[in-house]
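> Shown below is the structure under consideration.
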Amino acid sequence: METTMDKVVALCKRRGFIFQSSEIYGGLNGFWDYGPLGVELKRNVKDAWWRDMVTNHDEFSVPPSAPQAFAMTGLDCSIIMHPQVWKVSGHFDLFCDYMTDCRETKRRYRIDQMRGRWVEYPRATQDERLSKFATQRFFIITDADTPEAGIEDTALRARKFFGRQYEKEMKWQSETMIGLARTDDLRHVLAPDASEPGTLTEPREFNLMFKTIVGARGGADDAAFLRPETAQGIFANFKNVCDTVRVRVPFGICQIGKSFRNEITPRNFTFRSREFEQMELEFFCHPKESRDWYTYWRDRRYQWYLNLGLKRERLQLRDHAQDELSHYSVGTADIEYAFPFLEKGEFGELEGVAHRGDFDLRSHMEGKLVRDAEGHLNPELGPDGKPKHAGSGKDLSYFDDQARERFVPHVIEPSAGADRATLAFICEAYTEDQQPDEKGEMQTRVLMKFHPRLAPIKVAVLPLVKKDGMPEMGLEIYRALKAAGIASYFDQQAAIGKRYRRQDEIGTPWCLTVDGQSLQDKTVTLRDRDTLEQRRVSVDTIVDEITQRLRQ
Ligand code: ATP
């Protein structure tokens, strides 16, 4: 059965994974709350990342495929930083999207996300509504998410606006608004829900950073920004880290934290939100070795998602083409997932792995950098000949005391979104199968096949009936699991089949059932969510057994 976004969103709401923010007031577009199970799931995603990148990293051995051993450390920086940080990083000048407003519906759109189709009418037609336009070609924007729905939607709207008799003579072509918005006559664009073509305004740039004011008496000059990425806090602290802990280049600094982008069109559930969490790693290395480190991190990060259960057929590693690269980047690859809201064959970004050269550290030393005609990075100059946005002036180079060499390290940046990863794990986990119920009739079972490391609850302890000492024995097992730090759940309400289904639907990998035999021989049944296999295990070894399974 196909996993659709509607099913995933409904389950998230029904089972308390994700709610709309401020729902009782009608919600706020682009903001989401994680419910009791969602918060555990997302925390497990972040913990898995932190543990695999930082806590469990062994700095004295060479990981498979790594050029050499290296250290990993962490930071937790403030969300609001000195405004100069964003001027120097380029976000102040460059972090923009093109957007357009519909004068009629008052809706706002991001140009690169608008899709539509050209419809053409025969020149011979003498229609009053068409005759006032210079051409008889119109670009009809659609809100639809799939090509089929797009065709239907366009046909419907064309019929409504131009009259039924033209329907068969249309020529179809799917395009986005990019390019079109600046080169073509916007008078011939029919916006979603607009009743006439030509209601869109000229596209304009829109900075995605949220502005705020620092201090009670703050004026316009005290404007600060909510960070649009966590990375800059790491660059700004590079020297602090080098000076205070025992690290030598190559090494990495990790950070997990909230970022904010005033996205013009937040959409697709949590995929594009205005407040989200990032898991960023800045890896500092010698310029001569940076290409090898880039390949290492790109491949390792791709493998991380596979290890946690995303399927290869829905996960792709896409190297950017040369013309797609940022001006400072030697190479960038995106790790992408085939989310159910995308068209067949399309993928959405989960994480970007970028080779950033020495762009960031140099910018914070010298000021905002731009590439000159020969391809060299130099500070961008203002009209007075001085750097347009001055850097800190601090020396952020690194001295290798063994090689007796000073250099500005290159940076490899794997930058992941905690919310997008969580959403991908949710979409991947969603499964439906057919199972007989108590009466032997086939029923659709919904189960979330989360990797045990990610599952919000690892074990549910279920006394078969609420008597004969079964609840007491169940509680004892539940408490032993809790004491071992294993997220467990105790449930003695309703029929056992119903309780199993409830646990399947929230992705609990194992159920332990206490029955009549348990009291005699101190064993319980261990039921597997995915295979439905049940076997008896000793109560004395159950905590070890679960601990063992969680390590796999
Ligand atoms: P996109 O092209 O989808 O806007 P991006 O290339 O701007 O993303 P980056 O700046 O590379 O994204 O940010 C790194 C990661 O942060 C992304 O891969 C994604 O997982 C996450 N991220 C970025 N923007 C958002 C958002 N609006 N909502 C949720 N996650 C986001």
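The values are calculated or read from the model by the stated rules, or taken from the named source; none is laboratory data. Keep in mind it's a predicted model, so treat the numbers as computed, not measured. Methodologically, a virtual Cβ is constructed for each residue, glycine included, from the backbone with ideal geometry; neighbour enumeration extends over all protein chains shown. In case anyone asks, the SASA skips ligands and DNA or RNA and just uses the protein heavy atoms, side chains included. Shrake-Rupley method; radii C 1.70, N 1.55, O 1.52, S 1.80 Å.
> What number in nm² do you get for region 290-343 if you take the convex hull of its Cα atoms and divide its surface by four?
4.7
> Dipole of the chain, Cα-centred, from +1 at each Lys and Arg C-beta and -1 at each Asp and Glu C-beta, to the nearest 20 debye? Spell out each step's value before the answer.
Values: 80 positive and 87 negative charges, 183 e Å.
So the magnitude is around 880 debye.
> Below 9 angstrom from the Cβ of PRO452, what's the summed charge of the other residues (Lys, Arg +1; Asp, Glu -1)?
+3
> Also: May I ask which residue of GLN402, LEU342, THR265 lies farthest towards the positive end of the charge dipole of the chain, with charges of +1 (Lys, Arg) and -1 (Asp, Glu) on Cβ and the Cα centre as origin?
Positive-end residue among those listed: THR265.
> Among DSSP beta bridges whose residues both lie in the chain, state the antiparallel percentage, nearest 5.
Antiparallel bridges: around 85 percent, rounded to the nearest 5.
> Just need the relative contact order of the chain here, percent rounded to a whole number, with Cα pairs under 8 Å and 6+ apart.
Relative CO of the chain lands at 13 percent.
> Quantify, in whole percent, the carbon and sulfur part of the accessible surface of region 260-315 (1.4 Å probe; protein heavy atoms only).
Carbon and sulfur: 40 percent of the exposed surface of region 260-315.
> Specify the inter-centroid distance of region 366-413 and region 280-330, based on alpha-carbon positions, in whole Å.
That distance is 24 Å.
> Which whole-number percent of Cα pairs in the chain have a distance greater than 29 Å?
64
> On to the next question. Which of the lysines could a cross-linker bridge to LYS160, judged by Cα under 30 Å and excluding same-chain residues fewer than eight apart?
Candidates past the 8-residue exclusion: LYS106, LYS132, LYS168, LYS171, LYS344.
> By average Cβ neighbour count within 10 Å, what is the ranking of 276-283, 289-296 from highest down?
276-283, 289-296
> Okay, next question. Among 230-237, 9-16, how do they line up from the highest to the lowest mean number of other beta-carbon atoms within 10 Å? Numbers along the way, then the final one.
Numbers: 230-237: 22.4, 9-16: 16.4.
So the order, starting with the most tightly packed, is 230-237, 9-16.
> Something else now. In Å², and per residue, what accessible area does the chain have when probed at 1.4 Å with the other protein chains present?
49
> Taking only C-alpha pairs under 8 Å that are 6+ residues apart, what is the relative contact order of region 215-292 in percent?
33
> Region 1-58: D in µm²/s via Stokes-Einstein (Kirkwood Rh, Cα pairs, 20 °C, 1.002 mPa s)?
Working: Rh = 13.2 Å.
This corresponds to a translational diffusion coefficient of 162 µm²/s.
> Go from 0 up to the bin containing the longest alpha carbon distance in region 329-386, width 10 Å each, and give me the % of pairs per bin.
Bins of 10 Å from zero give 20, 31, 21, 19, 9, 0 percent of pairs.
> Let me ask something else about it. Students often check this: by mean Cβ neighbours within 10 Å, which of 353-362, 330-339 ranks highest, and how do the rest follow?
Numbers: 353-362: 23.8, 330-339: 20.8.
Ranked from most to least packed, the peptides come out as 353-362, 330-339.
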